[in-house]
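The block underneath contains the structure these notes are about, expressed in structure tokens.
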Amino acid sequence: MERESMEFDVLIVGGGPAGLAAAIRLKQLAAERNQDVSVCLIEKGAEIGAHTLSGTVLDNKAIEELFPDWKERGAPIKTHALKDHVLYLTKTKSFAFPLPLLPDCFNNHGNYLVRMGEVVKWMGEQAEALGVEVYPGFAGADVLYDENGAVKGVVTGDMGVLHDGTQGPNFQPGMELLAKYTLFAEGCRGHLGKRLEAKYNLREGSDPQVFGIGIKELWEVPGNPHHSPGTIIHTCGWPLTSDVYGGSFMYHMDDNIIQTGLVVGLNYSNPFLSPFEEMQRFKTHPEIRKFFEGGKRLAYGARAIATGNIQSLPRLVFPGGALIGDNAGFLNAARIKGNHAAIKSGALAAEAAFDAVVIGRKQDTLTAFPIAFRESWLYTELHKTRNFKPMMKKSFWVGSTLFGMDQKLFFGKAPWTMHNHSDHDKLKPAAECRKIDYPKPDGVLTFDRLSSVYLSNANHEEDQPCHLKLRDPQVAISVNLEVYDSPEQRYCPAGVYEIVNDGEGGKPRLQINGQNCVHCKTCDIKDPTQNIDWVTPQGGEGPIYQGM
């Protein structure tokens, strides 16, 4: 197929905090050194920030490095973190942990509570003002390689392809975007990043990446006497059992807004567990529900997060490009923070790419990036908490005790590193597990999936190829249904997957409601046979989050 093409010095795939930080830093360096460096950034969401979801207490040091004058520039970073509370919940009671006994990673003094979608939108404005060519609504569909096997760019997705794969009346072929270096900032479990890891064997010598799913809601609570801007509440324990890693967050913002959510580690073993339903149960706790009385739920969303830390980072660079942000796994699970790490990783990669471009290099390996990472405060921070997730998988109390000792006795410098193991092979057969009886939603405090997806503003053109691919459709029945009782019906937070009995001869089949998808990628991660492959739909589709 003949495609139009455009060429740039640096191409960035993904308009989240990592990708925008990289674009901004490239243009800053170009201005400082009077160099002409062309930078293009594409984002699959309909607008910058549309696919950004993060329960955010922001460590501001990476933004401060990027823009020392961020306040004067009007960054939407205003609510100071004032009070930390860490609670252990039983079904009916709560117990506060004394903060002096907790590791330093739970101290948020000096941080800010933000709506990260608004911060990302602001970063997009700064990038455009610096001269970055920003193109929302364009999804990177596949990687382009040169004759030597190096990355030379990406091709954007074709538009107007019908469900059967034929070209519709509004068909438009995607464009080839070519660059000397391409930085992949697709977020957690990026589908191009996954292909690059396989092609270049980037995971050789590293642990498998491990993940959690975060279910988030945004509430407006006018007049609620329990609302206190700047208050941070984290909980552990109920509704999750002690063998399931996870916990909740509740961030009290200005303007009567509360961000709340539940993170569930995807290494859980019971196929009947539903992270979405656990989130709804969490809000019913007597210590929690009071914060939402008289309030209204404004928004809903979900996304996977990479929690493996340094031992699960892939090799970051390959001929022609690099992985940055959550596409690589730069997130500090112990601190429940990743945006500052994403921004720093993007800036470091940008510096390496800029130095290469200005001396005439192209399509080689940016070895300066991983070296700079090893010498940065980001590496020091991640290394200190590297044992958090491997310890917490042992159960809540055992993991908490071990991690507390790791931080308090060894200050994160223990002479050992514990290891991570894949999430998808942790499910037990349904016959070996107890069913979980989740209460029906009341429509006031708790809700069903479909009404929740409505608040995500998710939209997909229905007459297009489904972006959720089954490598073998029979496996969905012969293994997932017969052995695990189709766990995709429960781990999906958007009602995408359901078993219906209208197949040939009345046999069950898996129905995929792709139009509901909020692009969390959980199915791509947790499917026990790795039979589901998430690929990008047409550009501009998916959720449109409002400041999530």
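The values are calculated or read from the model by the stated rules, or taken from the named source; none is laboratory data. Everything numeric in this text was worked out from a predicted model, so none of it was measured. All Cβ positions, even for glycine, are placed from backbone atoms using ideal geometry, and neighbour counts span all protein chains on display. Side chains are part of the model used for accessible areas, which takes the heavy atoms of the whole protein and leaves out ligands, DNA and RNA. Shrake-Rupley method; radii C 1.70, N 1.55, O 1.52, S 1.80 Å.
So here's what we get for this one:
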quantity: Search result, residues across the stretch 330-384 that are assigned to a loop (DSSP other than H, G, I, E, B), out of contact with any strand residue (DSSP E or B) (no Cβ under 8 Å at 6 or more places or on another chain) and open to solvent by 30 Å² or more (accessible area, probe 1.4 Å); calculated: R335, I359, G360, D364, E375
quantity: Positions within the stretch 299-319 being of a type in the set (S, T, Y) and in a loop (DSSP other than H, G, I, E, B), in sequence order; calculated: T307
quantity: The one condition in (1) within 22 Å of P415 (Cα to Cα); (2) open to solvent by 20 Å² or more (accessible area, probe 1.4 Å) that P390 fails to fulfil; calculated: (2)
quantity: When residues of the stretch 403-422 are limited to those that are among the aliphatic types (A, V, I, L, M) and over 24 Å from the mean Cα position of the chain (by Cα), the one least open to solvent (accessible area, probe 1.4 Å); calculated: A414
quantity: Scan of the stretch 1-13 for residues that are surrounded by fewer than 24 Cβ atoms within 10 Å (Cβ to Cβ) and touching a helix residue (DSSP H, G or I) at 6+ places or on another chain (Cβ under 7 Å), ordered by number; calculated: D9
quantity: Qualifying positions in the stretch 471-516 - within 15 Å of Q530 (Cα to Cα), over 26 Å from the mean Cα position of the chain (by Cα) and open to solvent by 50 Å² or more (accessible area, probe 1.4 Å); calculated: D472, P473, Q474, S478, V483
quantity: Single residue of I525, I544 found to be at negative phi, open to solvent by less than 10 Å² (accessible area, probe 1.4 Å) and out of contact with any helix residue (DSSP H, G or I) (no Cβ under 7 Å at 6 or more places or on another chain); calculated: I525
quantity: Where a residue in the stretch 483-503 is farther than 17 Å from F447 by Cβ and its partner, wherever it lies, is surrounded by 23 or more Cβ atoms within 10 Å (Cβ to Cβ) and among the acidic types (D, E), with Cβ under 7 Å and at least six apart; calculated: E488/D527; Y497/E488
quantity: Residue ranges of strands (runs of 3 or more DSSP E) in the stretch 87-177 with at least 1 members among the charged types (D, E, K, R) and open to solvent by 20 Å² or more (accessible area, probe 1.4 Å); calculated: 112-115, 133-136, 140-145, 151-156
quantity: Single residue of the stretch 423-437 satisfying the filter (open to solvent by less than 40 Å² (accessible area, probe 1.4 Å) and not β-branched (V, I, T)) that is nearest to G539 (Cα to Cα); calculated: D423
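Rundown of residues vs (1) part of a strand (DSSP E or B); (2) crowded, with 21+ Cβ neighbours inside 10 Å; (3) without any contact (Cβ under 8 Å) to a residue 40 or more places away in the chain, yes/no style:
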| residue | (1), (2), (3) |
| --- | --- |
| G15 | no, yes, no |
| L20 | no, yes, no |
| Q28 | no, no, no |
| C40 | yes, yes, no |
| G45 | no, yes, no |
| H51 | no, yes, no |
| T56 | yes, yes, no |
